[in-house]
1. Can you compute the helix-only [θ] at 222 nm over the chain? Use -39500 (n - 2.57) per DSSP H run of at least 4 residues, normalise by all residues, nearest 500 deg cm²/dmol.
2. How are the Cα pair distances of segment 138-182 distributed, in percent, across 5 Å bins from 0?
3. I want to verify the translational diffusion coefficient of segment 82-129 in µm²/s; compute it with Stokes-Einstein, Rh as the Kirkwood radius over Cα pairs, at 4 °C and 1.567 mPa s.
4. Any idea how far apart residue 250 and residue 99 come out in nm if each label point goes 7 Å out from Cα toward Cβ?
5. For segment 91-156 and segment 25-67, what is the separation of their Cα centres, given in Å?
6. Which percent of Cα pairs goes in each bin when the distances of segment 317-425 are cut into 10 angstrom slices starting at zero?
7. Let's see if you can work this out: charge +1 on each Lys and Arg Cβ, -1 on each Asp and Glu Cβ, no other charges. What is the dipole magnitude of the chain about its Cα centre, in debye to the nearest 20?
8. Give me the extension gain from residue 8 to residue 230: residue separation times 0.36 nm, minus the current Cα-Cα distance, reported in nm with one decimal.
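The values are calculated or read from the model by the stated rules, or taken from the named source; none is laboratory data. Quantities reported herein were computed from a predicted structural model and do not represent experimental measurements. Here the Cβ is made from the backbone with ideal geometry for all residues, glycine too, and neighbour counts use every protein chain on show. When the accessible area is computed, the model is the full protein with side chains, heavy atoms only, and any ligands, DNA or RNA have been set aside. Shrake-Rupley method; radii C 1.70, N 1.55, O 1.52, S 1.80 Å.
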Amino acid sequence: MTTQPTPAALRVLISGGGIAGNAVALQLLRAGIRPTVVERAAVPRPGGQAVDLRGPSRTVAQRMGLAPGIRNYQLDERGMVYIDSTGREAARMPAELFEGNGAVAEIEITRGDLNQVLLDAIAEETARHGGSGIDYRYGEQIRALREHADGVSVEFASGATEEFDLVVGADGLHSTTRRLAFGPEEQFSTYLGGYTSYFTMPTPEGIRPHWMTVQLLPGGTFLGFRPDADPATTKVMISIRRPADPALRRDTAAQKQLLREGLAAGGRLVPEVDAAMDHAEDFYFDELARITMPQWTTERIALVGDAGYCGSPLSGQGTAMALVGAYVLVGEIMRTPGRPTAALARYNEILRPFVKSAQQLPPGGVKAMTPRTRAGIRASLALVRFTTSRLMRPLMTRMLSGTEDYALPDYSADLPAAEQGARPL
Ligand SMILES: Cc1cc2nc3c(=O)[nH]c(=O)nc-3n(C[C@H](O)[C@H](O)[C@H](O)COP(=O)(O)OP(=O)(O)OC[C@H]3O[C@@H](n4cnc5c(N)ncnc54)[C@H](O)[C@@H]3O)c2cc1C
């Protein structure tokens with residue numbers, strides 16, 4: 001007969017210490033469960049531009065007690081402005097347009113800062129538990145998994161082996177947990193036609209303070225600068241339309257070479273971006289891809305965040321999905337703590353409608369974002385002006401309402417509420 005542990009004794013392994021992994025860990029800790037987190041990187045990964053919190057993800061952040069931390073780091077970003085090759089403004093999209101559901105949301109925080117807010121909340125919760133909290137293992141990863149009737153046997157890269165009741169794969173777009181438990185990446189990943197990179201650099205002259213500033217370069221390159229908490233620095237994003245090239249994986253020199261090719265069309269800001277790339281300590285590069293799966297769980301293994309349902313940065317909802325997914329997963333586990341398998345099945349069902357709408361891409365996808373010719377760039381800018389015109393605003397507002405209608409479950413009866421020390425988000 002299969003034995004089911006009490007909640008506090010539940011042995012949970014989380015693979016990945018990004019937004020999804022840390023959000024799962026925080027809530028488990030609040031519920032009295034002390035998970036193990038293995039993170040491949042040697043330290044929490046810094047970096048990333050502003051990420052949006054809106055609709056259900058904003059409610060979840062509030063319920064997780066992250067409001068005080070988010071308020072500390074919240075960016076003053078007022079919208080998006082397109083500039084032409086001379087630096088003149090060509091189009092603008094203020095944040096409040098489309099009832100806050102446009103490219104810039106009312107609550108913006110850099111991805112790295114949001115991860116820090118989660119880690120701070122975990123440290124606070126750990127102190128409340130008398131110092132015993134999460135077993136974080138940096139520089140570690142899963143090498144093999146074997147699921148059986150009573151749990152999951154895990155072998156780590158370090159050579160250690162351990163038993164867990166549940167394994168949560170929160171290890172991103174190229175998830176090892178997904179590969180080991182569900183099958184090869186190609187089975188679930190759709191390449192969307194381009195690559196994207198983020199890093200921090202000194203703010204170049206000509207960048208509008210408090211606005212995301214975008215320049216479209218001939219050849220199919222999107223060059224964007226988003227505000228940082230420190231106005232002296234900016235978070236640059238370069239997205240390039242290109243066929244898939246597997247040789248780019250883990251080859252940083254080849255990735256930078258590709259970015260330089262994309263920037264070759266020039267422009268006033270390009271030399272500074274080019275120079276900053278080699279000095280950035282938070283250089284990030286990956287393909288634009290979407291993960292779709294019929295099922296995110298087995299009996300004892302669940303995928304959360306990009307590992308299960310990456311929408312690509314184009315969807316603008318990666319962090320929202322990670323937070324909402326983590327909330328629903330832990331909420332369901334705590335609803336029936338003695339029956340984790342049933343909880344994982346419900347997680348699949350309850351989250352599906354949210355993921356379906358959050359994974360939607362803006363019309364035209366990568367192609368619309370990265371026009372190749374000067375005529376294409378002019379047409380793109382004309383389209384931005386048209387969609388932000390008074391005539392089109394009501395229709396666009398309806399089209400962009402996205403995940404607002406999702407019926408987010410309320411787990412306040414099952415998940416201990418976080419203490420709230422700040423006004424609501
Ligand atoms: C450095 C960085 C910057 C980013 N910047 C942006 C951005 O500016 N805009 C945007 O829209 N999205 C960005 N993203 C993606 C965004 O964070 C996610 O879409 C979203 O937050 C969901 O997070 P996640 O935790 O599921 O995945 P991720 O944020 O990718 O986190 C996954 C974590 O798992 C770790 N990991 C990977 N493989 C293993 C393994 N085998 N074993 C253990 N750990 C593993 C990774 O090091 C990482 O810490 C960024 C991601 C990273 C890692």
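1. -9500 deg cm²/dmol
2. Values per bin, smallest distances first: 5, 22, 32, 28, 11, 2.
3. D = 93 µm²/s.
4. 4.7
5. The distance from the Cα centre of segment 91-156 to that of segment 25-67 comes to 3 Å.
6. 12, 29, 26, 17, 12, 4, 0
7. 1260
8. 75.8 nm
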